[in-house]
Amino acid sequence: MATRSNLAKQWNLATSEVTLPKDGKNTHAILAGITDIIEFEKFDTTAWLKCLKQHTSSILESDPNGNVLLLGIPPLEFAPFYKNHTDQSSEIKQRVMEINAALEDMSNDNSKLTFFDTYGLFSDVLGDPSQFNIKHVDEAYWDVCQGQCLDSIDSYLWWDKIHMTGAGHKAMANAILAKQQPSETSSRPLPLPSSTGQSTTTEQSSTTEQHSTVPDDVSNGDHVQYASWLVLFGLFVGLAIFVMRPGSQFRRWLDKPRHYSPV
């Protein structure tokens, strides 16, 4: 977690203690410090983002193969502090939304940057905490227990009036890892030719399916042809019945006696 004032210091300290593999793809996660957002009376989003962009550029210059994960700000308006200071909750919500939108825009402009929607994740946690094995989302653990109760710290979402417990960070980690999992749906590989001359099961199945569909197509065509002839025959029979009915002019003409004179 980094505040605006010490992000560069943390990065320099980390790179001096850890040797990054140059041939690998490292992911550097940046979680903005809550202190930056809540303690400034006049928060300057532009200056804050400028500072963040400078440091992310420095990170990528030092590690060209790496990527940077920008973690959004959680919904602080639901933190215990702001639930007790409703006059400030709308202002902090607006500030959080503004920062998250700017972080997402940063990631859209650079393929090396990825934005994670922390706000959306914790909206789900607050809506249904049982899915994340969390029981208490309204009170802070330290305010309720003061180290005296037997409740697990991770049964609470908030450690104090602003900061989250390990359960909140675990929910973030699990959600990030879930996004990195490869898709379970993969195309079936083509069958390899058999060296023994035997056809594979896939080939047999494909051939069987192709042959089984041919009679159906032919049968459908035959049905259409037979139906056309049947309709034509029905029309012919109906016309004959109409013409030969008793009292029709054609019937009277047939029944009229004919006289032939010798030539």
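The values are calculated or read from the model by the stated rules, or taken from the named source; none is laboratory data. Values in this document were obtained by computation on a predicted structure and should not be read as measured data. Positions of Cβ are backbone-derived with ideal geometry, glycine not excepted, and every protein chain shown enters the neighbour counts.
General remarks:
- Only listed residue being within 25 Å of Leu157 (Cα to Cα) and within 23 Å of the chain's Cα centre (by Cα), chosen from Phe116, Phe78: Phe116
- Test for Val96: is it at pLDDT 90 or above, under 22 Å from Gly168 (Cβ atoms) and not in a helix (DSSP H, G or I): no
- Ser123 meets the stated requirement of being among the polar types (S, T, N, Q), in contact (Cβ under 8 Å) with a residue 40 or more places away in the chain, surrounded by fewer than 18 Cβ atoms within 10 Å (Cβ to Cβ) and assigned by TED's automatic domain parsing to the domain that holds His55.
- For the range 31-38, the criterion of being in the same structural domain as Tyr82 (by TED's automatic domain parsing), touching a strand residue (DSSP E or B) at 6+ places or on another chain (Cβ under 8 Å) and modelled with pLDDT under 85 is met by at least one residue.
- Among the residues here, Leu69 qualifies as of a type in the set (A, V, I, L, M) and assigned to a strand (DSSP E or B).
- Test: residue in the range 109-123 that is of a type outside the set (S, T, N, Q), in a helix (DSSP H, G or I) and in contact with a strand residue (DSSP E or B) (Cβ under 6 Å, 6 or more places away or on another chain): no
- From the list Lys83, Lys112, Lys93, the one residue that fits, being touching a Leu at 6+ places or on another chain (Cβ under 7 Å) and among the charged types (D, E, K, R), is Lys112.
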